[in-house]
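Structure, as structure tokens:
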Amino acid sequence: MSNIPTNPADRLLFELSKPGRRCVTFPKLDVPEVDIADALKGAKLRKEPARLPEIGELDLVRHFKNLADKNYSVDKNFYPLGSCTMKYNPKINVTLLAQAGYTKAHPYLPEQDVQGHLELMWNLENYLREVSGLDEVTLQPAAGAHGELTGVMCIKAYFEAKGEGDQRTEFLIPSAAHGTNPATAAMAGFKAVTLKEAANGNIDIEELKKKVGPQTAGMMITNPSTLGILEPKMREIAEVLHGVGAQLYMDGANMNAISGIVQPGDYGIDVMHFNLHKTFSVPHGGGGPGAGPIAVRKHLAPFLPTPRIKKNGDGSFAYDYDRPDTVGKVRSFFGNFGALVMAYIYMTQLGREGVRRMSENAVLGANYIRVMLRDYYHVHHDRTNAHEVVFTDKKQDKENGVHTLDIAKRLIDYGIHPMTVYFPLPQNTGGQGAMMVEPTETESKESIDYFIDCMKKIAQECKDNPDLVKSAPHTTPVKKVDEKTASTNPQLYCSMCLG
Amino acid sequence: MPFIQHTDEDRAAMLKAIGVKSIDDLYGDIPADIRVKPDGDRVKLNPSMGELEVTRHIQSLLKSTKNANDYAFFRGAGIYNHHVSTLADHIALYDGNFITAYTPYQPECSQGTLTTVFEFQSCITALTGFEVSNAGMYDGASALAEAVMMGYRLTADAFRKETRETVVLAGAIHPEYAATVKTYCETSGLKLVTVPAGKDGRVDADKLKAALTREASVVAIQSPNFYGVIEDVESLVKSTHDNEAMLVQVIAEAVSLSVLQTPAEAGVDICVGEGQSIGNHMFMGGPAFGFFASRKDNVRKMPGRIVSETTDRDGKRAYALALATREQHIRREKATSNICTNQALCALRALIQLAAWGKGGFVELGRQVVSKTQYAIKTLTAVNGVELAYPNQPVFNEFVIKTKPGLDKKLIQQGIMGGLPLDAVNMGSAGEYLVAITELTTKEDIDKYAAALA
């Protein structure tokens, strides 16, 4: 363990700890105190108290405030992280959520006590049905990857019910897909078969026709693709899949481009997930919690997890557990309900027009960035794009030996969070290093222009002073971090917490 | 227009720069016949609501709800009505720099989140005794399912020549957790064997031994179990290890780690649990987080994000995501899991709450819960016709009472949300109730409950 830093702002909680300090006190015990060993006779007890830090309230608050300030965040910085949709998270979502009606709602309250929560879930399901153009929705999956797993499970159960469970062993996955897609297919017991895209970034229909067959359970497609391109032949792709009896799954990560513009159900999608933390503004939280509801066509609805929400004839709401074909539970209770409340508030505020405007302005901003930077950076597909655009370091690599990661780190010096790097193109610093930029609709033109100016300036720096770029960042609390040692010689806990 | 800052002039300037006439032109790849008409009625969302209207709408929805504050509250079963420090809300909800950040892929501008994850992992290490904790899972149920998958991988790798595709769920496991494990096993082709609890509410050791065939790769137990009974974890570990299988322990009430033997000391291989009761609101059961801990030598088989200490270019201490070669974005179909999220904000809340309790406060919390639980057992079972379903078993904060069925309505009318009727979750018969106690349960609540049962 390294030496304890002298500046308290850089110390760990454990290093700020001093015996006897604490924040929370409890009311005096209002029942007779028992002897723990006596009361828990027959159970083994801890030998010593857990070595948690002991800290006073001001130092605790200051510790976390100092740490918070070391983060870049949407509230503070332009955050054009491609594929992540880092849009503004309205403050009202948090304020309305932090009421006892939500914070103190227990999942085992009787139905009559949670009518307003069931109604909210029912309404949100309806919103997502409308945006997807599909028939039924479950809100239970906790995240996009969890939604994928749930959707693929439903497809698997569907084929098993049809007696084709042994036959349908493969899932087709485009090579630029999110890593979660093949990982999900594998978790659900399918073989992930990679599908190479055509040169223009679209699905290669001829290649697809060659790879599908009676062994195909389905295909996972992202539209617009991870390359930020709308797939023009969605209906043809669906027809090829459906022609062999397979199902078409859509990764909804990029719904911020098409919500309110087109309903995926209209181009043949059988099941899709939403990332409510991307499209519908649930805060990302530094890595969750999000929510990954899925929408399905009627024939897959019997397999959705239980309980479903149903509306009774008298207008009241109830849980529906009577679903004999369900895949079962994918997690406890009803999903990340708190996240659902925030997405619902957001969608209610947007309304019908707002959802459409959201997508339109997201696509506008990303195309604007493409044309403004096309003379400075190589655009992977220089054509109309959707809500995000992929540049590469081809130019900077060839001319100055500067790479994507260097450019990304230099952006930090200008107060901008890096774009997504080395995705979706295979990681390759020889001029293929992807820089995927997604501005979102909530950024002002001034913020977008500032980003464009910074990117131009960095392009110039690559020429004039490549070492300045390669040694970035220069202004952060820590300089370039040694991520390799973090993995080769991991140190995963503070030594002060274990005896 | 809600949350969009472009003026018409801004839009016009951007369109001009792009070289198109309208935003519609940017959607040329979508065939016109399937595009939603701007003034059509295909997408039937309500008209946009402003801050005043949406607030009014949410408050009207809340009017038709009740919550734990409206009752003398005795429901738990995996989600517990503990006090949540205001510090957790102030830091995690209202400081935008945690809540509006993304997964810390770029360590130089994410040291805040990365440091808190490292501290969170350290706290889970302190609680469980294990050297490795990941950064968090969706919840206790899915953490258990992932732990079972990992246990299977560990055993299958160690005994490659054998077929070890059976998973054993032993004793009173939370029905939502058991159902989740079942779903994951079915989809990945593992065979699931269930060993129900014995008459004493514990794992039936003889039946477990019978179920421990050579095909069994992993045994999962819950302790304290769904009925609140603390299992003899050490002896279950022994039977499991005698069969060269892995023992997974799931904990639904993380506060029990304040007083009970650490899973590491008991010899458990993987310990997972639901973290809600530490610093997270109940929210109808989510979001909170799952914790996931194991021994150092198992780290490369673990799912989920992990943060390590390292240094920056100048040798200054820094933190970074580590061991990503286990994960989906690198390994794709060969990853240990498809999970990306670590419910970071919920894990942060737990870290704040644990620090706010501190070493001494956490122990005091555990002791208060045990004392109140003992008082509740004594007081409720003193009522004529009320008895413990599993007498003489050690419990931490929950226990099952047997009484006459059908009292629920009467209790609710008196402002009491009594224990969970076990027949409603297929875990017992009518008249059996799972009663949960926390530090928020008062003597007055307990006396009121007893009086109503009489």
Open item on the list: Anything in segment B:361-390 that is under 23 Å from A:Glu54 (Cα atoms) and in contact (Cβ under 8 Å) with a residue 12 or more places away in the chain? List them, or say none.
Closed with: B:Phe362, B:Val363, B:Leu365, B:Gly366, B:Arg367, B:Gln368, B:Val369, B:Val370
Open item on the list: Tell me whether segment A:296-306 contains one or more residues that are touching a strand residue (DSSP E or B) at 6+ places or on another chain (Cβ under 9 Å), within 13 Å of another protein chain (Cβ to nearest Cβ) and β-branched (Val, Ile, Thr).
Closed with: yes
Open item on the list: Take A:Lys463 and tell me if it is over 13 Å from B:Pro107 (Cα atoms), part of a helix (DSSP H, G or I), touching a helix residue (DSSP H, G or I) at 6+ places or on another chain (Cβ under 7 Å) and open to solvent by 10 Å² or more (accessible area, probe 1.4 Å).
Closed with: yes
- [ ] Output the qualifying pairs, or none if there are none: Cβ atoms under 7 angstrom, residues six or more apart or on different chains, first residue in segment A:32-53 and more than 7 Å from chain B (Cβ to nearest Cβ), second residue part of a loop (DSSP other than H, G, I, E, B).
- [x] A:Glu48/A:Gly499
- [ ] Look through B:Ala101, B:Ala77, B:Ala135 and report the one residue that is in a loop (DSSP other than H, G, I, E, B), out of contact with any helix residue (DSSP H, G or I) (no Cβ under 6 Å at 6 or more places or on another chain), aliphatic (A, V, I, L, M) and within 8 Å of chain A (Cβ to nearest Cβ).
- [x] B:Ala77
Task: Checklist (1) modelled with pLDDT of 95 or more; (2) surrounded by 14 or more Cβ atoms within 10 Å (Cβ to Cβ) applied to B:Leu407, failing item - done: (1)
Open item on the list: Can you pull out every residue in segment B:175-193 that is assigned to a strand (DSSP E or B) and either free of Cβ contacts under 8 Å to residues at least 24 places away in the same chain or more than 14 Å from every other protein chain (Cβ to nearest Cβ) (or both)?
Closed with: B:Val193
- [ ] Would you please name the residue that is least open to solvent (accessible area, probe 1.4 Å), looking only at residues in segment B:348-374 that are among the charged types (D, E, K, R) and at the interface with chain A (Cβ under 7 Å from one of its Cβ atoms)?
- [x] B:Lys372
Open item on the list: Tell me whether segment A:89-103 contains one or more residues that are among the basic types (Lys, Arg) and within 8 Å of chain B (Cβ to nearest Cβ).
Closed with: no
Open item on the list: Please pick out the residue among B:Val248, B:Val268, B:Val255 that is in a helix (DSSP H, G or I), β-branched (Val, Ile, Thr) and open to solvent by less than 10 Å² (accessible area, probe 1.4 Å).
Closed with: B:Val255
Task: Some residue of segment B:301-313 being more than 7 Å from chain A (Cβ to nearest Cβ), in a loop (DSSP other than H, G, I, E, B), touching a residue at least 12 places away in the same chain (Cβ under 8 Å) and of a type in the set (A, V, I, L, M, F, W, C) - done: yes
Open item on the list: Suppose we filter segment B:306-347 for residues that are hydroxyl-bearing (Ser, Thr, Tyr) and open to solvent by 40 Å² or more (accessible area, probe 1.4 Å); how many remain?
Closed with: 2
- [ ] Consider B:Ala170 carefully, then state whether it is out of contact with any strand residue (DSSP E or B) (no Cβ under 8 Å at 6 or more places or on another chain), more than 14 Å from chain A (Cβ to nearest Cβ) and of a type in the set (A, V, I, L, M, F, W, C).
- [x] no
Task: Every residue from segment B:154-168 that is assigned to a helix (DSSP H, G or I) and either small (Gly, Ala, Ser) or surrounded by fewer than 18 Cβ atoms within 10 Å (Cβ to Cβ) (or both) - done: B:Ala156, B:Asp157, B:Ala158
Open item on the list: Could you check segment B:125-153 and list, in sequence order, the residues that are aliphatic (A, V, I, L, M) and open to solvent by less than 10 Å² (accessible area, probe 1.4 Å)?
Closed with: B:Ala126, B:Leu127, B:Val132, B:Ala135, B:Met137, B:Ala141, B:Ala143, B:Leu144, B:Ala145, B:Ala147, B:Val148, B:Met150
Task: Residue under evaluation B:Asn69, criteria (1) surrounded by fewer than 21 Cβ atoms within 10 Å (Cβ to Cβ); (2) in a helix (DSSP H, G or I); (3) more than 10 Å from chain A (Cβ to nearest Cβ), criterion not met - done: (3)
TODO: Name the residue, out of A:Lys470, A:Lys457, A:Lys479, A:Lys484, that is closer than 21 Å to A:Gly401 by Cβ, within 8 Å of chain B (Cβ to nearest Cβ) and surrounded by fewer than 22 Cβ atoms within 10 Å (Cβ to Cβ).
DONE: A:Lys479
TODO: Please enumerate the residues belonging to segment A:5-16 that are open to solvent by 40 Å² or more (accessible area, probe 1.4 Å) and facing chain B (nearest Cβ under 8 Å).
DONE: A:Asp10
Open item on the list: Please go through (1) open to solvent by 10 Å² or more (accessible area, probe 1.4 Å); (2) free of Cβ contacts under 8 Å to residues at least 40 places away in the same chain; (3) touching a His at 6+ places or on another chain (Cβ under 8 Å) for B:Tyr94 and return the number of the only condition it doesn't satisfy.
Closed with: (3)
Task: Matching residues, segment B:111-132, being within 13 Å of B:Ala350 (Cβ to Cβ), touching a Leu at 6+ places or on another chain (Cβ under 7 Å) and of a type in the set (A, V, I, L, M, F, W, C) - done: B:Phe120, B:Cys123, B:Ala126, B:Leu127
Task: Residue under evaluation B:Glu439, criteria (1) under 20 Å from B:Ile230 (Cα atoms); (2) outside any loop (DSSP other than H, G, I, E, B), criterion not met - done: (2)
Open item on the list: Filter segment A:378-424 down to the residues that are part of a strand (DSSP E or B), more than 10 Å from chain B (Cβ to nearest Cβ), in contact with a helix residue (DSSP H, G or I) (Cβ under 6 Å, 6 or more places away or on another chain) and under 21 Å from A:Gly179 (Cα atoms) and list them by number.
Closed with: A:Val389
- [ ] For segment A:311-318, state whether one or more residues are closer than 24 Å to B:Leu144 by Cα and charged (D, E, K, R).
- [x] no
- [ ] Looking at (1) buried (at least 24 other Cβ atoms within 10 Å of the Cβ); (2) more than 7 Å from every other protein chain (Cβ to nearest Cβ), find the lone condition where B:Met284 falls short.
- [x] (2)
Open item on the list: Considering only segment B:196-213, I want to know if a residue exists there that is basic (Lys, Arg), buried (at least 21 other Cβ atoms within 10 Å of the Cβ), touching a Phe, Trp or Tyr at 6+ places or on another chain (Cβ under 9 Å) and farther than 25 Å from B:Thr336 by Cβ.
Closed with: yes
- [ ] Taking the options A:Glu148, A:Glu164, name whichever one is touching a helix residue (DSSP H, G or I) at 6+ places or on another chain (Cβ under 6 Å) and either assigned to a loop (DSSP other than H, G, I, E, B) or among the charged types (D, E, K, R) (or both).
- [x] A:Glu148
Task: Residue tally, condition within 11 Å of another protein chain (Cβ to nearest Cβ), farther than 23 Å from A:Thr306 by Cα and open to solvent by 20 Å² or more (accessible area, probe 1.4 Å), over segment B:410-435 - done: 1
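The values are calculated or read from the model by the stated rules, or taken from the named source; none is laboratory data. Fair warning: this is a prediction, and the values are worked out from it, not measured in the lab. No Cβ is skipped: glycine too gets one built from the backbone with ideal geometry, and neighbour counts run over all protein chains shown. Surface accessibility is based on the protein's heavy atoms, side chains included, excluding ligands, DNA and RNA. Shrake-Rupley method; radii C 1.70, N 1.55, O 1.52, S 1.80 Å.
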